[in-house]
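A quick write-up on the structure given underneath.
The values are calculated or read from the model by the stated rules, or taken from the named source; none is laboratory data. Everything numeric here is computed off the predicted structure, so don't read it as measured data. Cβ atoms come from the backbone with ideal geometry, glycine included; neighbour counts cover every protein chain shown. Areas reflect the complete protein model, heavy atoms only, side chains present, ligands, DNA and RNA absent. Shrake-Rupley method; radii C 1.70, N 1.55, O 1.52, S 1.80 Å.
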4 protein chains.
Amino acid sequence: MMPPNIVRIGHAIFTVTDLARSRHFYVDLLGLNVLHENRDAIYLRGIEDREWTLKLELASSARVRQIGFKVASEADLDALQQLAQDEGLLHRWESEQDRPRMLRVQDHWGIPLAFYFQSQRYPWLLQSFDRHRGAGIQRVDHVNVFTPQVDAMSRWYQKALAFRLTEVSEDKDGRAWGAWLHRKGNVHDIAITNGTGPRMHHFAYWVPDASRISQMCDILAGAHAAAHIERGPGRHGISNAFFLYVRDPDGHRTEYYTADYLTVDPDFEPIRWSVDDPRRQQLWGGIAPKSWFTEGSDVESFDGGVVEQQEPLLGLPAYIK
Amino acid sequence: MMPPNIVRIGHAIFTVTDLARSRHFYVDLLGLNVLHENRDAIYLRGIEDREWTLKLELASSARVRQIGFKVASEADLDALQQLAQDEGLLHRWESEQDRPRMLRVQDHWGIPLAFYFQSQRYPWLLQSFDRHRGAGIQRVDHVNVFTPQVDAMSRWYQKALAFRLTEVSEDKDGRAWGAWLHRKGNVHDIAITNGTGPRMHHFAYWVPDASRISQMCDILAGAHAAAHIERGPGRHGISNAFFLYVRDPDGHRTEYYTADYLTVDPDFEPIRWSVDDPRRQQLWGGIAPKSWFTEGSDVESFDGGVVEQQEPLLGLPAYIK
Amino acid sequence: MMPPNIVRIGHAIFTVTDLARSRHFYVDLLGLNVLHENRDAIYLRGIEDREWTLKLELASSARVRQIGFKVASEADLDALQQLAQDEGLLHRWESEQDRPRMLRVQDHWGIPLAFYFQSQRYPWLLQSFDRHRGAGIQRVDHVNVFTPQVDAMSRWYQKALAFRLTEVSEDKDGRAWGAWLHRKGNVHDIAITNGTGPRMHHFAYWVPDASRISQMCDILAGAHAAAHIERGPGRHGISNAFFLYVRDPDGHRTEYYTADYLTVDPDFEPIRWSVDDPRRQQLWGGIAPKSWFTEGSDVESFDGGVVEQQEPLLGLPAYIK
Amino acid sequence: MMPPNIVRIGHAIFTVTDLARSRHFYVDLLGLNVLHENRDAIYLRGIEDREWTLKLELASSARVRQIGFKVASEADLDALQQLAQDEGLLHRWESEQDRPRMLRVQDHWGIPLAFYFQSQRYPWLLQSFDRHRGAGIQRVDHVNVFTPQVDAMSRWYQKALAFRLTEVSEDKDGRAWGAWLHRKGNVHDIAITNGTGPRMHHFAYWVPDASRISQMCDILAGAHAAAHIERGPGRHGISNAFFLYVRDPDGHRTEYYTADYLTVDPDFEPIRWSVDDPRRQQLWGGIAPKSWFTEGSDVESFDGGVVEQQEPLLGLPAYIK
């Protein structure tokens, strides 16, 4: 039995409490591009995205409604439905703007996933350089979620959904503290890290190069909005990527990320790090703020509430006070 | 019957007529890294490569001995042997440094391919930034070959080897002039372009970003070796990549390439260009020199000679005099 | 008798034949910033400029009305008037937007200069990164003029106006072909090169770094306006600067320039190049198009006509056909 | 009476306790270039420097022996001697490698200055790109010293030595906390900041652009030497420069700095900041570590000891705990 063929991370839906404020942040300051908008929602994308990859939806509280993954065919959606049924996972068919057939599934750890194949494609902006905005954000890259059960969750994503492990961090007893898993051939489509969960840690876009990350910092500084910068810029040990983390006006964390590596070899051997080695996080030596380890976005349950959260069993890295 | 699973471009073997001179060029000036060397050959790689990706071999004339592709398993090699046998292609088992089981096949158009799964892996240099040299060349990216029969060859690579078409250039009668085909998820592992063939047009490495391409130009200039720069830097229309082409002391052409886009979606629609539109080649408006359209490297036949070449049926782009 | 103290290049006034078209080019595409505008003129500046540095003025033909230099005091203006009177140079007092007292002088070779001390200062945009446009053009850097008498003109600028020579190109008989002269401490405020003159060759702005020059090319490409790129990007031998030359819709040439060097030492020794050495122009080996040697902007005379031009005595560099 | 004409910052002499270790740090990791070396000292320079700009001298303790400034003529040295005599400053004539006539002066606040005009010039490495090392460090840019008496010291440098003030930070009572003063036309040749002094805070080099600063971080990380990074990279409010601070194996702090602005206008108005505004230091919002405010290098007295230090009267910025 082949697992369903997931192609890549596809999108996220964030609920936000002030749509105009969020639009200013993501569009005017960071430089995402509006594909659609109405009174209640804005659909954003990077310059390479041919479809929307981040939906901001007005609501009374800030949550992550879903994390979307593109699959290879409609048949893969059916296979996912079968899987959900077999494993007793909450699931239902939904539709969204441009995506008529989407299977929403809550995984065993409470993360609200959405799978889709068909998506209306629009001309990209990749070579419309004269229309690029801000830091020229390029394409959706990955999501990172918190769970208290990194090891179990990572194994299930590998076994049931055929994600492939590229890097892993472990505590001194060999327990998985974080796992980086991909489908599309770079370091990750999803990372799973230890923490109170289910919550979203961050949602990430690829940017063309490191100079664009400096430019994003400069733009936020110019707008007296540098308080949104939570961490970076810097160079990750894990993934080798050049990165910046920002918090949006509702606290949702996004990452701007570039320059990782190719992982398509089937005999690629995952890279192992000690969670207590700060180089895994920042080769240049800076320490992430504690908020980076403890804060995240609540995720929405099927009934419109918040999925109940549990504390992690493993602690913070030794170097975080 | 599933086609064999080719993972990605793997390597090239160039014969060169003065090994010390070539070593100076590729190692001291461009910044490739020596993995092995002996009196007769040097094995080079980028900082992300865990294996050698360019072998320079001393010989009395400069040729391309083979273009290597990594496959997903030993069984895929067996399937390729079966394919070669079924289609009447010249083939034989060979071994090379670090690659004990390699299937060499000459395709219908005369290109000497080599397929392998097993390859000795070495620690990469990716995060050994203190040991990076020159322009910090990162990893093998693709090969480009000349053939008089672009359309037939492109169709066979898609059908028999499951390459996927990302971009294509066509003449005004709709005949394929160039085809870009991938396996690893970016724009290409192989490009096939119209010209006297079989010959190699170029072999390409990924570099971390555009600043490294300027640095490569500066280094060549500093060494009074700028005559090796044949074309660029510039921005390709096809692939969107930032590029530079250089000719080595024997005339072999290599490209340094960065910032293309992701092609993993199964419903990705190939991008079509007119061969007479100079934007496909250089968005910034420069015209490639005529040498770029007419010169290439001879490829070696199974008996150690040069594979016989044929003139193309299609002409040069209208804007080339 | 001390020469008047000229501080730096200050501005240029271009007449253009379609103000909206020129505004689109300089503001929307290249990224200069509008300080003032009315029906007949637009006043532009870079992000570091505290005053306007390029005025575009609507007229029936495209010319350069004047090249402005900032002086150190009002007394220096009086000294310049005395100099003009003593040497029999056409001159008159004028005023312009923000510059109430400006001495216009036509030098011995026909170049329309304008000197000013007082200039209304406006808050700069340097740290308003959120308001930067396009390539983030930073500040006025220099002007380059054509004359048939490079040697005489260069000597007068050194002697009468205390410009300091940084680099010089010479033909095989030792005759000056081009001279680079500064006041502000980098390679030049004015360059004087051999050609039919008096004409302006180009007017140049500093950009923050080379990545901004690539971005400018990309933006022009995105707008299908890459035909405006005349030369580059590349690395000059003379000045060491990273450069790009573009032609505006009326043919006026501007350069975007970065990364030259400091020239404040009084014992700095000018660097000498052979005009027949193409490295002086482009270390990376590209050859400038012939238009770059032969085309320029007419300069306006005191009576509103064009200053009469003379052919150069020296020829083109040997490598230009 | 005109003040002596100081041209620019010229050099520093650091004593270090392990010359091989310091050589590895500055040459192999950071990328300075050796101009001379012997058993007891190494003379370093950037690629644009035509003379040595940092001397490392073996000694039993780590100090700053002197901060050198280039003057415009031998007569300016004589004028400086007269000034020292008139003001009762310790001074004596010395000579150093390549600099036969150097006036050493201890200023009123204990900083050991050295002035010179003549200096043996060597071919620069600016266009020998193939010989550039590491981050391609370009030229000496400035020094920053600690003193408890910022206001008095800044006024004297302006009055007696004709330095020009570009930026200043002040506490809430309007007392100067830091002053940035230049001679060469960019933001500073010397900065004077509040702290226990006299000590050197840092000595700074210009790098070609921000990508080189990231590269320096990467190289230090690759060598497992990132603990030498004390602060940055980031964007200063004061100076607008992109910066990185590193500590050498003896604790001497150097800065790598690029992209400030031009200050040659005589009517340039100094920019004023509140010391309690963290944007003056880092537009991107990071806070400098406390060590950055409290640690510095002892400076050597005329008798070979350490100049006695005094505590500052003003406190740390409000945002530093």
Checklist entry - For region C:243-259, how many residues are at the interface with another protein chain (Cβ under 9 Å from one of its Cβ atoms) and open to solvent by less than 10 Å² (accessible area, probe 1.4 Å)? => result 1
Checklist outcome for this item: When region B:241-256 is checked residue by residue, the ones that are farther than 15 Å from B:Ile219 by Cα and within 14 Å of the chain's Cα centre (by Cα) are B:Phe243, B:His252, B:Arg253, B:Thr254, B:Glu255
Item to check | For A:Arg63: the one exception among (1) more than 20 Å from A:Gly296 (Cβ to Cβ); (2) surrounded by 23 or more Cβ atoms within 10 Å (Cβ to Cβ); (3) among the basic types (Lys, Arg) | outcome: (1)
Checklist outcome for this item: Restricting region D:200-217 to residues that are within 10 Å of chain B (Cβ to nearest Cβ) and of a type in the set (A, V, I, L, M), the one most open to solvent (accessible area, probe 1.4 Å) turns out to be D:Ala210
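Assigned to a strand (DSSP E or B) and either more than 14 Å from chain A (Cβ to nearest Cβ) or surrounded by 24 or more Cβ atoms within 10 Å (Cβ to Cβ) (or both), is that true of C:Ser169? Don't jump to the end; show me each part of the working.
Values: assigned to a strand (DSSP E or B): yes; either more than 14 Å from chain A (Cβ to nearest Cβ) or surrounded by 24 or more Cβ atoms within 10 Å (Cβ to Cβ) (or both): yes.
The answer is yes for C:Ser169.
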Checklist entry - Can you name the residue in region A:275-287 that is within 11 Å of another protein chain (Cβ to nearest Cβ) and hydrophobic (A, V, I, L, M, F, W, C) and, of all such residues, is surrounded by the fewest Cβ atoms within 10 Å (Cβ to Cβ)? => result A:Ile287
Next on the checklist: Pairs needed: first member in region A:169-190, more than 12 Å from A:Arg272 (Cβ to Cβ); second member anywhere, among the acidic types (Asp, Glu) and open to solvent by 50 Å² or more (accessible area, probe 1.4 Å); C-beta distance under 7 Å; at least 6 residues apart or different chains.
Outcome noted: A:Lys172/A:Asp276; A:Arg175/A:Asp151
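Among residues belonging to region B:218-231 that are farther than 18 Å from C:Asp277 by Cα and open to solvent by less than 20 Å² (accessible area, probe 1.4 Å), point out the one that is farthest from the other protein chains (Cβ to nearest Cβ). Give the steps one after another, and end with the answer.
Here is the first cut: in region B:218-231, the ones farther than 18 Å from C:Asp277 by Cα are B:219, B:230-231.
Now restrict to residues that are open to solvent by less than 20 Å² (accessible area, probe 1.4 Å): B:219, B:231.
On the way: B:Ile219: 5, B:Arg231: 9 Å.
Across region B:218-231, the extreme among qualifying residues is B:Arg231.
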Next on the checklist: Take the residues in region C:130-148 that are open to solvent by 20 Å² or more (accessible area, probe 1.4 Å) and within 18 Å of A:Gln215 (Cα to Cα); name whichever of them is farthest from the other protein chains (Cβ to nearest Cβ).
Outcome noted: C:Arg133
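Would you confirm, using the coordinates I've provided, whether B:Arg272 is basic (Lys, Arg) and within 14 Å of chain C (Cβ to nearest Cβ)? Steps first, answer last, please.
Numbers: basic (Lys, Arg): yes; within 14 Å of chain C (Cβ to nearest Cβ): no.
Against the criterion (basic (Lys, Arg) and within 14 Å of chain C (Cβ to nearest Cβ)), B:Arg272 does not qualify.
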Item to check | Candidate set: region C:288-316, residues that are out of contact with any Lys or Arg (no Cβ under 9 Å at 6 or more places or on another chain) and closer than 30 Å to C:Pro233 by Cα; chosen: the one surrounded by the fewest Cβ atoms within 10 Å (Cβ to Cβ) | outcome: C:Glu311
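Do the conditions hold for D:Val150, that is, is it touching a strand residue (DSSP E or B) at 6+ places or on another chain (Cβ under 8 Å) and within 20 Å of D:Pro4 (Cβ to Cβ)?
Values: touching a strand residue (DSSP E or B) at 6+ places or on another chain (Cβ under 8 Å): yes; within 20 Å of D:Pro4 (Cβ to Cβ): no.
The answer is no for D:Val150.
Is one or more of the residues making up region B:181-190 touching a helix residue (DSSP H, G or I) at 6+ places or on another chain (Cβ under 9 Å) and within 14 Å of chain D (Cβ to nearest Cβ)? Reasoning before the result, please.
Restricting attention to region B:181-190, the residues satisfying the condition of being touching a helix residue (DSSP H, G or I) at 6+ places or on another chain (Cβ under 9 Å) are B:181, B:190.
Now drop any that are not within 14 Å of chain D (Cβ to nearest Cβ), which leaves none.
So far as region B:181-190 goes, no, none of its residues is touching a helix residue (DSSP H, G or I) at 6+ places or on another chain (Cβ under 9 Å) and within 14 Å of chain D (Cβ to nearest Cβ).
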Item to check | Set D:Leu125, D:Leu89: member being over 26 Å from D:Val16 (Cβ atoms) and among the hydrophobic types (A, V, I, L, M, F, W, C) | outcome: D:Leu89
Next on the checklist: If C:Leu77 meets every condition in (1) within 20 Å of C:Leu113 (Cβ to Cβ); (2) crowded, with 24+ Cβ neighbours inside 10 Å; (3) of a type outside the set (Gly, Ala, Ser) apart from one, which number is that one?
Outcome noted: (2)
Item to check | Single residue of region B:114-128 satisfying the filter (open to solvent by less than 20 Å² (accessible area, probe 1.4 Å) and touching an Asp or Glu at 6+ places or on another chain (Cβ under 6 Å)) that is nearest to A:Ile271 (Cα to Cα) | outcome: B:Leu126
Checklist entry - What are the residues in region B:16-32 that are in contact with a strand residue (DSSP E or B) (Cβ under 6 Å, 6 or more places away or on another chain), open to solvent by 10 Å² or more (accessible area, probe 1.4 Å) and touching a residue at least 60 places away in the same chain (Cβ under 8 Å), if any? => result none
Item to check | Qualifying positions in region C:1-51 - within 11 Å of another protein chain (Cβ to nearest Cβ), among the basic types (Lys, Arg) and assigned to a strand (DSSP E or B) | outcome: C:Arg8
Checklist entry - Out of all the residues in region B:166-190, which are of a type in the set (A, V, I, L, M) and farther than 23 Å from A:Asp265 by Cβ? => result B:Val168, B:Ala176, B:Ala179
Checklist entry - Name the pairs whose Cβ atoms lie under 7 Å apart, with the first residue in region C:295-313 and of a type outside the set (A, V, I, L, M) and at pLDDT 95 or above, the second open to solvent by 60 Å² or more (accessible area, probe 1.4 Å) and in a loop (DSSP other than H, G, I, E, B), and 6 or more positions between them or separate chains? => result C:Phe302/C:Leu90
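So for region D:233-242 (the condition being among the basic types (Lys, Arg) and surrounded by fewer than 24 Cβ atoms within 10 Å (Cβ to Cβ)), does at least one residue qualify? Step through it out loud before you land on a result.
Our first condition is that a residue be among the basic types (Lys, Arg); within region D:233-242, this holds for D:235.
Next, from what is left, pick out any that are surrounded by fewer than 24 Cβ atoms within 10 Å (Cβ to Cβ): none.
For region D:233-242, residues among the basic types (Lys, Arg) and surrounded by fewer than 24 Cβ atoms within 10 Å (Cβ to Cβ): absent.
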Checklist outcome for this item: Here the residues within region B:92-105 that are under 13 Å from B:Ser301 (Cβ atoms) and open to solvent by 50 Å² or more (accessible area, probe 1.4 Å) are B:Arg92
